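Please treat every number below as a calculation from the coordinates, not as lab data. Note that the coordinates shown come from a computational prediction; the quantities given were computed from them, not determined experimentally. Methodologically, a virtual Cβ is constructed for each residue, glycine included, from the backbone with ideal geometry; neighbour enumeration extends over all protein chains shown.
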Amino acid sequence: MKKRTFKEWLKQWDQGEFDLDRGEAEALHYRPETQEKDDDSWAHRPVRGLREGEYTLFVKVYPFAALLLASVMIFFFMRTVAELPPFASACTPANQSEVIRRYIENGLTETGAVNIVAGVILDYRAFDTLGESHVLFTAATAVFILMLAGEAEPEDKRTRRILEADTVLSVTARVLFPLIVMFGFYVILCGHLGPGGGFSGGAVIGGGLILCSMAFGPERISRLINMKTYRGVVLCALLFYSIAKCYSFYCGAHHLETVFSPGTPGMIFSAGLILPLNIAVGLVVACTMYGFYSLFTRGTV
Amino acid sequence: MAFCLNFPLFLIVLCLISSVVSSVLPARAARIWSLGLSAVSTAANAVLFRYAARTNTAVTYLMGHYPHPWGNELRIGPLEALFSAFFSLVLFLCLLGGRRQLAVKVAPQKQHYYYVMADLVQAALLALVYTNDLFTGYVFIEICTLSSCGLLMIRETGRTILASVRYMIFSLIGSGLFLLGVILLYSITGHLLMPNLKESIGLLWSTGQYHLPLLSSICLICIGLAVKSGLFPFHLWMADTYGAAIPASSGILSGLVSKAYIFFLLKVIFDVFGVDVFYACGIHRLLYVMGAAGIIAGSVGALRENNIFRMIAFSSAAQIGYIYMGIGLSPTVGIEAALFQILAHAVTKPALFLSAGHLSDAAGRSKRFHDLQGAGYKDPFAGVAFTLAAFSMIGLPFTMGFISKYLFGMAALDGSHAKMVPTLLVLAVSTVLNTLYFARTVLRLYNKPQADDYERVRIPAHLSYVTAGIVFMAVNLLLGTLSRPLLDLLLQGVRLF
């Protein structure tokens with residue numbers, strides 16, 4: 001490309017001749033649909049301003065520049081980490097602060113949860129977790145926007161045949177599915193008594209549903225979970241979560257007692273709101289996990 | 001406790017609930033719900049603002065039974081309430097004015113998801129503005145990032161998908177850096193709530209203990225939020241993102257989402273690092289230089305552009321540069337100018353995007369300048385709205401843009417001598433560049449094409465767009481002419497920050 005004078009440049013700019021070749025622009029178009037004229041602007045790629053020689057130079061220089069930047073950042077991060085308080089030592093600021101002390105010493109009496117982690121995420125810092133469960137919902141909705149086709153795409157037939165002929169898969173699934181789901185419910189229901197909770201238990205159940213769907217086909221599992229149940233379950237779980245927590249925040253801010261008491265620590269019905277919230281979170285997580293799998297394979301739930 | 005202090009909690013929960021409910025509603029009902037929600041949020045925050053400005057207090061609101069440092073908290077002051085009311089109003093106007101474009105450009109079975117995402121963005125905006133907890137801020141930054149991606153990619157052309165992938169990569173890098181900064185702060189202080197963090201950081205700074213980790217975390221948090229809001233040299237995603245989305249999304253993303261990150265950064269500077277520590281550690285100089293460079297780079301980028309949406313997007317990069325330059329200038333006047341610029345830009349940019357959308361429709365759905373010739377005659381209202389917003393961008397008197405440029409000039413004269421000349425120079429150069437590219441656009445809009453087949457078709461005005469456009473213009477002119485009360489309120493808010 002020859003060098004342009006400023007006047008020529010101004011003229012070209014004015015007439016819109018900066019665009020690439022039409023054919024080149026269309027080759028980049030991986031998803032044709034009802035196109036409008038403005039999608040000519042495909043041609044405005046960021047590399048637009050680069051001439052051929054500059055482009056090869058860019059490609060050559062880029063890895064080295066990236067390497068250099070990465071090394072500089074690694075150097076500074078290493079220096080920083082070297083000055084941090086030692087890991088897992090009793091005398092770090094994080095371990096000595098009054099925050100941790102109250103969580104450990106009073107957590108059992110204040111929240112009623114034997115599992116301190118459940119007490120922290122669902123009672124002390126419950127607003128964060130309310131946001132966190134809506135992050136899941138946001139991600140699921142974004143995937144819906146991206147993947148949801150008008151109607152269900154049939155699963156790839158070849159994959160289906162291979163999966164159905166797989167005796168190992170179907171027998172294993174038949175044996176393991178009830179166990180996996182049972183274990184998932186156990187993890188959710190005992191989240192306040194030991195390690196576990198809604199997020200981990202929901203992931204286990206979601207994994208079980210995915211296994212089941214792979215082994216027996218989406219038609220059979222859609223009797224258990226389909227678009228309608230998916231929406232209903234997520235709607236109810238998140239609504240319950242938001243409303244219950246709003247009530248508890250409101251009471252907290254006005255120094256009122258809630259109707260949910262910590263109860264006797266160690267009993268299944270104890271720890272106030274933690275058990276119902278764990279169930280709600282678990283349902284959302286299980287549905288989201290299965291929903292992702294189903295959307296990516298078939299384009300619908 | 002006054003009842004209106006409960007509003008932030010109710011509104012955030014209401015936004016979350018609305019998003020979940022909207023996902024099962026038909027598109028029309030979801031739209032009405034979403035519009036109603038942002039209207040209610042505007043009104044409630046305005047009431048709260050009136051209360052907070054009268055009592056002249058900032059209150060912490062417990063989210064649960066545990067005060068800081070153990071439980072989550074909100075912090076309600078005049079500045080927070082003012083910005084929430086403003087953000088909700090702009091969101092309402094964007095959704096209202098962008099309605100028609102949305103109906104044309106988004107598949108009907110997916111339209112209700114747009115409002116789900118809009119509700120989530122609103123929840124995130126409110127939470128980012130009100131939070132008193134650094135980690136809650138991170139959680140809602142995540143919601144904001146993901147739902148902005150949803151708003152972008154709902155228009156499913158190949159280009160939009162590519163743009164949203166790009167946006168997501170940049171945005172996630174920003175979130176990641178921010179999270180690293182929060183982790184470093186936690187490991188050297190053991191706190192996540194803002195008041196406790198400020199106390200510990202002040203102590204660490206004065207004793208000099210953990211100096212390097214503290215510096216790194218300040219850098220990481222600032223750079224993370226700067227990447228997310230599109231500061232130079234991370235501004236190149238903006239052109240793709242805002243250029244490819246539907247106008248309402250471009251307006252929400254440029255006018256609200258990036259502004260919410262900056263407001264949160266200001267909150268972190270005031271409530272976490274403390275103004276003294278932040279301005280002593282020197283990172284404000286980096287923000288100042290990058291802001292000034294961004295103003296020039298954005299303006300030059302806009303000048304080279306041939307697509308009206310991408311031109312407006314580059315001009316956004318320049319406006320973000322102004323805000324960071326203000327933060328870098330000085331902790332008092334500079335911050336005031338930056339806050340006013342946030343408001344001015346939040347009013348002007350969505351108006352530009354919405355009118356550009358209508359103008360490009362009038363020009364046969366083309367965004368190229370060549371085809372936009374005479375579009376101002378075909379859609380007269382959009383032409384007027386665009387022109388007024390462009391005047392505000394240039395900084396003509398009686399608009400908000402003038403006041404914000406005036407404030408930047410005053411801040412430059414007020415500050416140190418080293419920064420005075422470069423700031424004034426950048427202001428002058430950028431005003432000339434702004435004038436160049438906006439005047440050129442406006443002249444194009446009102447220049448009759450010479451082609452013979454030119455028909456004088458009038459595009460019928462759409463009531464929802466006209467309403468939104470009139471409110472945008474009215475707010476711009478009102479706050480541009482009667483800016484003194486607003487400036488006083490901003491100063492009062494900064495003192496309570």
Item to check | Translational D in µm²/s for region A:95-298 (Stokes-Einstein at 37 °C, 0.692 mPa s, Kirkwood Rh from C-alpha pairs) | outcome: 177
Item to check | Stretchable slack from B:Arg365 to B:Ile183, in nm (0.36 nm times residue separation minus alpha-carbon distance) | outcome: 60.8 nm
Checklist entry - Which one of B:Ala46, B:Leu477, A:Val301 is farthest out on the positive end of the charge dipole of the protein assembly as shown, using unit charges on Cβ (Lys, Arg +1; Asp, Glu -1) and the Cα centre as origin? => result B:Leu477
Checklist entry - Given the pairs A:Lys228/B:Lys267; A:Lys228/B:Lys228; A:Lys228/B:Lys349; B:Lys349/B:Lys419, which span a C-alpha to C-alpha distance of over 31 angstrom in this model? => result A:Lys228/B:Lys267; A:Lys228/B:Lys228; A:Lys228/B:Lys349
Next on the checklist: Restricted to Cα positions, what overall size does region B:1-265 have along the principal axes? Three whole-Å values, descending.
Outcome noted: 61, 44, 28
Checklist outcome for this item: Here P(r) for the protein assembly as shown, Cα-Cα distances in 20 Å bins, as whole percents, is 15, 47, 32, 5, 0
Next on the checklist: Can you give me the C-alpha center-to-center distance between region A:225-273 and region B:278-342, rounded to a whole angstrom?
Outcome noted: 44
Checklist entry - Rounded to the nearest 0.05, what FRET efficiency do B:Met1 and B:Val40 have when you use their Cβ-Cβ distance and R0 = 22 Å? => result 0.55
Next on the checklist: From the helices alone, meaning DSSP H stretches of at least four residues, give me the mean residue ellipticity at 222 nm for the protein assembly as shown, per-run term -39500 (n - 2.57), in deg cm²/dmol to the nearest 500.
Outcome noted: -24000 deg cm²/dmol
Checklist entry - If each Cα of region B:282-497 is one equal point scatterer, what is log10 of I(q)/I(0) from the Debye formula at q = 0.08 Å⁻¹? => result -0.30
Checklist entry - Using a simple charge model, +1 on the beta-carbon of Lys and Arg, -1 on the beta-carbon of Asp and Glu, nothing else, what dipole does chain B show about its Cα centre, in debye to the nearest 20? => result 1020
Item to check | Where Rh is the Kirkwood radius over Cα pairs, Rg/Rh for region B:1-127 | outcome: 1.04
Next on the checklist: Over all directions, how big on average is the projection of the convex hull of the alpha-carbon atoms in chain B, in square nanometres?
Outcome noted: 21.7
Next on the checklist: How far apart, in nanometres, would the label points at A:Ser89 and B:Leu303 be if each is projected 7 angstrom from Cα along the Cα-to-Cβ direction?
Outcome noted: 5.6
Checklist entry - Considering the zone a paramagnetic label at B:Ala418 would reach in this model (a point 7 Å from Cα along the Cα-to-Cβ line), which residues of region B:268-285 have amide N under 11 Å from it? => result B:282, B:285
Checklist entry - Between A:Glu98 and B:Thr481, what FRET efficiency comes out of the Förster formula 1/(1 + (r/R0)^6) with R0 = 56 Å and r the beta carbon distance, rounded to 0.05? => result 0.60
Item to check | Within region B:114-149: backbone nitrogen closer than 20 Å to the A:Val81 label point (7 Å, Cα to C-beta) | outcome: none
